Amino acid sequence: MSDVSNIAEGQGRLTNGQWRQFLSQARGSLFEIQAQLIVALRLELLDQAQHRRLRGAVIKVVKPLAGLIDYVRRREAQQPRTDNCERSCADAVSATARVPKQSSP
């Protein structure tokens, strides 16, 4: 469930870097599921057929997710880079310019 939530939350982020981070977290969640499937198999909570079917379902999600991560990386690489300080300073100046000046008493 967290993999889907991370993908959705990442889509709502403002930068490609933030989006990629959430996609990476979703990928990590899918690897957690794979580990849990191995544990379930070893504890005999799943038989081989169930394990193969569920692992195949996870792989069906991992592959397109990897493609989406690559797409976001390429998009990120195409955008001009500014360092965080430059961007933060520009944002602060822009926000200050919008604040109405108060008259002195």
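The values are calculated or read from the model by the stated rules, or taken from the named source; none is laboratory data. Please read these numbers as outputs of a predicted model, since none were measured by experiment. For neighbour counting, all protein chains shown are included, and Cβ atoms are generated from backbone atoms with ideal geometry for every residue, glycine included.
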* Asked: From Leu14, Leu37, which residue is at pLDDT 95 or above and either over 8 Å from the mean Cα position of the chain (by Cα) or exposed (fewer than 13 other Cβ atoms within 10 Å of the Cβ) (or both)?
  -> Leu37
* **Sole exception among (1) among the charged types (D, E, K, R); (2) loosely packed, with under 12 Cβ neighbours inside 10 Å; (3) more than 20 Å from the chain's Cα centre (by Cα) for Lys63, by number** => (3)
* To do: Output the residues belonging to the stretch 17-34 that are aliphatic (A, V, I, L, M) and in contact with an Asp or Glu (Cβ under 7 Å, 6 or more places away or on another chain).
  => Ala26, Leu30
* Inspect the stretch 68-84 for any residue being surrounded by 12 or more Cβ atoms within 10 Å (Cβ to Cβ), at pLDDT 90 or above and either assigned to a loop (DSSP other than H, G, I, E, B) or in contact with a Cys (Cβ under 6 Å, 6 or more places away or on another chain) (or both) and give the result as yes or no. => no
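Report yes if Arg27 is at pLDDT 90 or above, surrounded by 13 or more Cβ atoms within 10 Å (Cβ to Cβ), closer than 30 Å to Gln78 by Cβ and of a type outside the set (Val, Ile, Thr), otherwise no. Please lay out each step first, then the result.
Details: at pLDDT 90 or above: yes; surrounded by 13 or more Cβ atoms within 10 Å (Cβ to Cβ): yes; closer than 30 Å to Gln78 by Cβ: yes; of a type outside the set (Val, Ile, Thr): yes.
Considered against the rule, which asks whether it is at pLDDT 90 or above, surrounded by 13 or more Cβ atoms within 10 Å (Cβ to Cβ), closer than 30 Å to Gln78 by Cβ and of a type outside the set (Val, Ile, Thr), Arg27 comes out as yes.
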